[in-house]
Amino acid sequence: MAFELPPLPWAEDALAPHISAETIEYHYGKHHKTYVDNLNKAVDGTPDADLSLEEIILKAEGPLFNNSAQVWNHTFFWNGLSPNGGGQPTGAVADAINSSFGSYDEFRTQLTQAGITQFGSGWAWLIDNNGTLEVTKTANADLPLKHGQKALWTIDVWEHAYYIDYRNARPKFIDVVLDNLVNWDFVNQNLAS
Ligand code: MN3
């Protein structure tokens, strides 16, 4: 069965003005869709077509890994954003962030630094590493799953994620997302799963 582009959890203009409908139109409607299309082309008629997305990510290298991982990463990224999100964490994640980082501010500093210092394209992550929350960054399509780590949240720092709205100002994009869009309910679900 072919992989499908999952629907967005909100309307294309719901994250504006922080992320514009135009950015979503391209980032979801073109970039994310292209990864899905390329993944389907790559597995069509092969035994991989019967595997789950996660199974493909774990076994694949090269273009098949890149496209399958980018499908997963983008779906995870969209679900981690909410029009009513951002700011201080809630629930169990708030306690886990305090115990792992000392404070929300320290988490925020580390996450921002990871996003800014990811040279070229990639992702910054909040992960659960055997009960301790950590911030990591990955290049291109790479993701925690490939390293045996559990992802709790991510931010896409490829230029296509922010260039329409923020041009070259990646730090501003990260700030705005942290202040306004982090879906802490989703992070709590991932922590609990
Ligand atoms: Mn992207």
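Some values worked out for this structure:
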| item | result |
| --- | --- |
| Breaking point among (1) touching a Pro at 6+ places or on another chain (Cβ under 7 Å); (2) in a loop (DSSP other than H, G, I, E, B), for ILE127 | (2) |
| Single unsatisfied condition, ASN40 versus (1) within 27 Å of ASP185 (Cβ to Cβ); (2) part of a helix (DSSP H, G or I) | (1) |
| Which listed residue is within 13 Å of the ligand (Cβ to nearest atom) and not assigned by TED's automatic domain parsing to the domain that holds GLU25, from SER100, SER121 | SER121 |
| The range 143-159, residues that are on the phi < 0 side of the Ramachandran plot and open to solvent by 40 Å² or more (accessible area, probe 1.4 Å) | LEU145, LYS146, HIS147, GLN149, LYS150, TRP158, GLU159 |
| Those residues of the range 1-27 which are open to solvent by less than 30 Å² (accessible area, probe 1.4 Å) and assigned to a helix (DSSP H, G or I), in sequence order | THR23, ILE24, HIS27 |
| Criterion: within 16 Å of the ligand (Cβ to nearest atom), out of contact with any His (no Cβ under 6 Å at 6 or more places or on another chain) and at pLDDT 95 or above - qualifying residue of LEU39, LEU51 | LEU39 |
| Single match in ASN168, ASN180 (criterion: under 18 Å from LEU81 (Cα atoms), outside the structural domain of TYR26 (by TED's automatic domain parsing), modelled with pLDDT of 95 or more and more than 15 Å from the chain's Cα centre (by Cα)) | ASN180 |
| Top-ranked residue of the range 44-57 - restricted to ones that are β-branched (Val, Ile, Thr) and closer than 19 Å to THR75 by Cα, ranked as farthest from the chain's Cα centre (by Cα) | ILE56 |
| Which numbered condition ALA114 misses (of (1) at pLDDT 95 or above; (2) surrounded by fewer than 21 Cβ atoms within 10 Å (Cβ to Cβ)) | (2) |
| Qualifying residues in the range 128-142 (those that are within 16 Å of the ligand (Cβ to nearest atom) and either more than 15 Å from the chain's Cα centre (by Cα) or under 24 Å from TYR104 (Cβ atoms) (or both)) - the one most open to solvent (accessible area, probe 1.4 Å) | LYS137 |
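The values are calculated or read from the model by the stated rules, or taken from the named source; none is laboratory data. Predicted model only: the values in this text are computed from it and were never measured. Reconstructed Cβ throughout: ideal geometry from the backbone, glycine too, with neighbour counts over all protein chains shown. Please note that ligands, DNA and RNA were not included when accessible areas were found on the heavy atoms of the full protein model with its side chains. Shrake-Rupley method; radii C 1.70, N 1.55, O 1.52, S 1.80 Å.
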